[in-house]
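Read-outs throughout are calculated quantities, based only on the coordinates presented, and are distinct from any laboratory measurement. These figures come from a predicted structure and were not determined experimentally. Reconstructed Cβ throughout: ideal geometry from the backbone, glycine too, with neighbour counts over all protein chains shown.
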Amino acid sequence: MSNHFFAMMARMKYIERWALMRNSSSENLSEHSLDVAMIAHALAVIGNLRLGKKLDENKAAIVALYHDTTEIITGDLPTPVKYFNADIKSAYKEVEHVAADRLLSLLPEDMQDYYRDFYYKNDEDAYIWKLVKAADKLSAYIKCIEEEKAGNTEFTNAKESTMKSLDEMNIEEVNIFKKEFLDSYKLTLDELQ
């Protein structure tokens, strides 16, 4: 019997992000998910090393890898639409659950429960999911920096509102990441070496 889950995951590269914005450089869901996974992993490592937490940094990375895969089915609904009001937000959450269940059904039965942890929050991993959400926001902020570096002012408002969201999260790991790593994204390749 064929199981189509991983073939569906491979389609992440066809889902373009930032559809309502003029982009100097396109970003697909695969690229975004890799960025979020690396940042989420780093946030968990920071939590463990600097703040004395006992977070599963590998789980943070894996949850981040899968955090937007429902968009293979739903497409990338722009943030202003997704969060326009409570009814739309709630309806979209339901659509995401249907898409998650559909994707999970493409796995062999004995693997479904294992992967379900990457789609549905549980109390035990609530903080990991919070870090993944923060990593998602950091990735968006970094995209805004990259667009501004390319001379694209289309992302200026998105950059400001994303930083405001990050500040409102009030997560110490994020504050450390911002202080120690964020300015590097403004540099050229020669300046990074």
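Backbone phi angles across segment 170-179, fed through the Karplus curve with coefficients 6.51, -1.76 and 1.60 (θ = phi - 60°), yield HN-Hα couplings of 6, 10, 4, 4, 5, 4, 5, 4, 4, 5 Hz in residue order; Gly and Pro are listed as x. For segment 1-32, backbone nitrogen atoms closer than 19 Å to the point 7 Å from residue 116 Cα along Cα-to-C-beta are found at 4-6. Summarised as an ellipsoid, segment 142-193 has semi-axes of 21, 17, 4 Å, derived from the eigenvalues of the Cα gyration tensor scaled by 5 and square-rooted, with the largest first. Placing +1 on the Cβ of every Lys and Arg and -1 on the Cβ of every Asp and Glu, with no other charges, gives the chain a dipole of roughly 220 debye about its Cα centre. Annotation: lysines with alpha-carbon distance below 24 angstrom to residue 93 (same-chain offsets under eight excluded): 13, 59, 82, 121, 130, 133, 137, 164.
What FRET efficiency comes out for residue 160 versus residue 87 if R0 is 30 angstrom and r is the Cβ-Cβ distance? Round to the nearest 0.05.
The pair residue 160/residue 87 has a calculated efficiency of 0.65.
From most to least packed by mean Cβ count within 10 Å, the peptides 87-98, 170-181 give 170-181, 87-98.
Given R0 = 41 Å, the distance between the Cβ atoms of residue 185 and residue 123 translates into a calculated FRET efficiency of 0.75.
Which of the trypsin sites (Lys or Arg not before Pro) found in segment 110-171 are loop residues per DSSP with 15 or fewer other Cβ atoms within 10 Å of their Cβ? Don't skip to the answer; put the middle values down first.
Numbers: sites: 116, 121, 130, 133, 137, 143, 149, 159, 164; in loops: 121.
Filter output for segment 110-171: 121.
In this simple spin-label model, placing a label point 7 Å from the Cα along the Cα-to-Cβ direction at both residue 74 and residue 109 gives a separation of 2.9 nm.
The orientation-averaged shadow of the Cα convex hull for segment 5-78, equal to a quarter of the hull surface, comes to 5.9 nm².
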